[in-house]
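Presented below is the structure to which this report refers.
Please treat every number below as a calculation from the coordinates, not as lab data. Everything quoted here is computed from the prediction, not taken from an experiment. When we count neighbours, we look across all protein chains shown, and the Cβ atoms used for this are built from the backbone with ideal geometry, even at glycine.
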Amino acid sequence: MNAELRADVERAAEKHALLNAVKHESDAEVGAVMGPLMGENPEFREHADDVPGVVGQVVSEVNRTDPGKRRARLEAVAPEALEALEADAEETGPLPELPNVEADDEVRMRAAPNPNGPWHLGNARMGAVLGTYREMYDGHLIVRFDDTDPETKRPDLDAYDAILRDLAYLGFEPDTVIRASDRLETYYEHARELIEAGGAYACACPQEQFSELKRAGEACDHRDRSAAESLSIFEAMVDGEYDPGETVLRVRTDIEHRNPALRDWVAFRTIDTPHPREAAADYRCWPMLDFQSGVDDHLTGVTHIVRGIDLQDSAKRQRFVYDYFDWEYPEVVHWGHVRTEEYDVPMSTSSIKERVDAGDLDGWDDPRAPTVASVRRRGIRGEALTRALTALGTSTSNVDLSMSAVYAENRDLIDDAADRHFLVRDTAEGDAEDGGGAVERRVVDGPETGTPPVHPEHEERGRRELPVSDGVLVESRDLPANGERVWLKGLGCVRHTSDAFRFESRDLDLVRDGEVSVVHWVPADRPRRVRLRTPDGDVEGYAETTLRDDAVGDLVQFERVGYGRVDAQAEDHTVVYYAHR
């Protein structure tokens, strides 16, 4: 990379790093900067191997800048970007108003998860947004499990309760819970009515043959069947007399419609794979999602639907059924997909399930998984995730969920409760920078104990008594050169000799004036072994002995490392799930 190109990358990276830091009121993250940087500057792509290193340096410089000065710097280097950021914040707020709410006595919305697995972070957006709207309008929230595909999207029996737990974690409880697989007879009754009204017919065309006719805008021979004949065939489907693919029930639309996807779409088909729920295991005739969902939305009084922009055709298909029954279609808000580039595991239920089944992930709550269960186990509050997800709004464009936004929200929520500990990292799997090995040194000519506060803003919680008579452990990267000084936090200034730290002073002006750097440490006498589970791999280390007294579920802050949740206490070690810096 030549000097001119490097300067261009540095200028662009500074703008996006400042934008990321100012927007989320936290340190910028390289991953969150790279996406918009490369998208806005396609000429950088041929240098993709070199750009991340330059961006990393710029991000580090921005993060060293006083947070109070970042906005001013952004205004200086990219005033138009700051103006757009502030305009977006004023215009969108947490969520935009729903359309035409004044026309309804009560706003009724539905989350319609497919229970083929617990929620990943993209799924959680639906729960966070609908729950927030329910509170905004004092409305009614329905959770309807769309579980009418026992074959290709086979329900997971554990997922029903897991999804409700995920919703509760986000801060919301549904007013009504429905399982579509309990309602087959209701769908059959509406199918019969639709057939009798001339709105559906039984079709025995092979799929490829019908697809050719549909593309040509031509009707198949079965379209002219009488309602009585189609009804008789449908009853045979319900009784299990047809094999899969032998016949289907189609909604009669406009066979010459300009959108082929809307031409005489399938409403019911035969599936031989038994449903995993015992109550539905004997059924073989199953509704397609567009029919089942459309009927349920009407019968449950849904007034507003929020769905992905890719499902626009679903609303158009369902309107044909609504017209036949003379029903009024709900208001619809379409939104784009949520993406996050901060996990190596794709944000897809099927992909996560494959990794879990293969043993590549320990479970849905593995810290490497982009799931609700994972962030919950890491000690991230549901309120923090809900705030970050609702801040994405309901734009029809695809949006990026920056985990730094989640972490910033969570930091505000947990910092006050998180008592402090020291952690000396010894080895790190997957990220060599997270630990270079613990080094032991004697402390000579100094006090017998260090006394860092339990929490720097709560003196009433007391101080930790950390003995130094048997020496201390520090991270190798924190070890100063021979003859140089360092400040052991809570103890004082020491000078490094070849095999010891010689105590010199407790004069805090040395720190204030920047003469010495501050490092953390733990007593060498019976330190507590720690396994820190992070999204980048597991980190081994040592903490203060008193960490063993923290209860499972307690939130702690390892100073200069980050926040975490105590996950397990064993006889000889503690497992902590890492939350964030």
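Observations, loosely collected:
- Just so you know, the Rg over Rh for the chain is 1.08, from Cα atoms, with Rh as the Kirkwood radius.
- Neighbour counts of other Cβ atoms within 10 Å put ILE352, ILE271 in the fewest-to-most order ILE271, ILE352.
- Evaluating 6.51 cos²θ - 1.76 cosθ + 1.60 at θ = phi - 60° for every residue in the stretch 378-394, the Karplus couplings come out as 7, x, 8, 5, x, 4, 5, 5, 4, 4, 5, 6, 5, 5, 6, x, 10 Hz, glycine and proline recorded as x.
- Debye, to nearest 20: dipole size of the chain, +1 on Lys, Arg Cβ, -1 on Asp, Glu Cβ: 880
- Working ranking of peptides 312-318, 226-232 by packing, defined as the average number of other Cβ atoms within 10 Å per residue, highest first, is 312-318, 226-232.
- Relative to the Cα centre, the charge distribution of the stretch 232-344, modelled as +1 at Lys and Arg Cβ and -1 at Asp and Glu Cβ, gives a dipole magnitude of about 320 debye.
- Nearest 10 degrees, 0 to 90: helix 289-299 Cα axis against the chain principal axis: 90
- Projecting the Cα atoms of ALA3, THR65, GLY35 onto the dipole axis of the stretch 3-92, where Lys and Arg carry +1 and Asp and Glu carry -1 at the beta carbon, places THR65 farthest toward the positive end.
- Of the GluC sites (Glu not before Pro) in the stretch 135-190, the ones in a loop by DSSP (not H, G, I, E or B) with at most 14 other beta carbons within 10 Å are GLU151.
- Placing unit charges on each Cβ (+1 for Lys and Arg, -1 for Asp and Glu) gives the chain a dipole about its Cα centre, and among MET126, ALA236, VAL54 the Cα reaching farthest toward its positive end belongs to VAL54.
- Amide H contacts under 5 Å for GLY446: PHE503, restricted to partners 5 or more places along the chain or on a different chain, H placed in the peptide plane at 1.01 Å from N.
- Computed per residue of the chain from DSSP H runs no shorter than four, each worth -39500 (n - 2.57), the mean residue ellipticity at 222 nm is -11000 deg cm²/dmol.
- Principal axis dimensions, largest first and in whole angstrom, of the stretch 184-266 by Cα: 33, 25, 22
- Panel order for VAL129, VAL345, by other beta carbons found within 10 Å of each beta carbon, from fewest to most: VAL345, VAL129.
- Residue exposure sequence - ILE178, ILE163, ILE380, ILE309 - by fewest surrounding Cβ within 10 Å: ILE309, ILE178, ILE163, ILE380
- Pairwise Cα distances in the stretch 418-581 exceed 25 Å for 28 percent of all pairs.
- Between the helical axis of 30-40 and the longest alpha-carbon principal axis of the chain there is an angle of about 60 degrees.
- The equivalent ellipsoid of the stretch 200-241 has semi-axes of 22, 12, 6 Å, largest first, where each one is the square root of 5 times an eigenvalue of the Cα gyration tensor.
- Under 24 Å from the Cα of LYS23 - lysines, other chains or at least 8 residues apart: LYS15, LYS69
- Sequence-distant residues sharing a close amide H with PHE268 (under 5 Å, placed H): LEU249, MET288
- Base-10 log of normalised Debye intensity for the stretch 161-320 (one unit scatterer per alpha-carbon) at q = 0.12, 0.13, 0.16 Å⁻¹: -0.59, -0.69, -0.99
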